[in-house]
1. Indicate, rounded to the nearest 5 percent, the antiparallel portion of the DSSP beta bridges found entirely in the chain.
2. Residue by residue, what Karplus-based ³J(HN,Hα) values in Hz, rounded to whole numbers, does the stretch 72-78 have, using 6.51, -1.76 and 1.60 with θ = phi - 60° and x for Gly and Pro?
3. Of Glu78, Glu71, Glu84, how do they rank once you tally other Cβ atoms within 10 Å and put the fewest first?
4. May I ask you to evaluate 6.51 cos²θ - 1.76 cosθ + 1.60, the Karplus curve with θ = phi - 60°, for each residue of the stretch 87-103 and list the ³J(HN,Hα) values in order in whole Hz, giving x for glycine and proline?
5. Using a/c under 1.5 as the rounded threshold, could you call the chain rounded, prolate or oblate? The axes a ≥ b ≥ c are square roots of the C-alpha gyration tensor eigenvalues, and prolate needs a/b larger than b/c, oblate otherwise.
6. Which of the lysines could a cross-linker span from Lys67 if the Cα-Cα distance has to be under 21 Å and same-chain partners fewer than 8 positions apart are dropped?
7. For Lys41, list the aspartates and glutamates whose Cα falls under 16 Å from its own Cα; do not include residues on the same chain fewer than 8 positions away.
8. Would you mind checking which residues have amide H under 5 Å from Ile14's amide H? H placed 1.01 Å from N; only 5 or more apart, or other chain.
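Read-outs throughout are calculated quantities, based only on the coordinates presented, and are distinct from any laboratory measurement. Quick caveat: nothing in here was measured; it's all calculated off a predicted structure. Here the Cβ is made from the backbone with ideal geometry for all residues, glycine too, and neighbour counts use every protein chain on show.
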Amino acid sequence: MPESSRSTEATGSISIDYVPQDFESIDLDTRYTGTRIGIDKNADYRLTGKTSYSSIKFNEDNFVVKKRIIENNSSEIEGIIGDEKSAKATVNISTSYGSVRLY
């Protein structure tokens, strides 16, 4: 996988088994799409997400919340996974009617 990746999907599913620790960015904009992305457990990155009738799921053990808004049908989340000082990479997610799982 390249250091940066951008994906836009209309329907279906996306599965990326492994993203290395030194990735630069992931930009994901999906509709009606289930998505699974395996990011190296030692990666430090900034996570930004917006959902509508969907969800973003990830291990929150090493997550520092900067912003979390949860409403009836939508949510917004911003924060750091890992070490804030080392978090140069970004993961930006926008999804509707599909879930995104970072593992």
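1. Values: 15 of 48 bridges.
If we restrict to bridges inside the chain, about 30 percent are antiparallel.
2. Karplus values, whole Hz, x for Gly and Pro: 3, 10, 8, 8, 9, 9, 9.
3. Working: Glu78 15, Glu71 9, Glu84 12.
Listing Glu78, Glu71, Glu84 from fewest to most nearby Cβ atoms yields Glu71, Glu84, Glu78.
4. Values, residue by residue: 7, 9, 6, 10, 10, 10, 10, 9, 9, 10, 6, x, 9, 10, 10, 9, 9 Hz.
5. Working: a/c = 1.98, a/b = 1.19, b/c = 1.66.
Verdict is oblate for the chain.
6. Lys50, Lys57, Lys85, Lys88
7. Leaving aside aspartates and glutamates fewer than 8 places away in the same chain, those within reach of Lys41 are Asp17, Asp22, Glu24, Glu60, Asp61, Asp83, Glu84.
8. Those lying under 5 Å, H to H, from Ile14 are Gly34, Thr35, Arg36.
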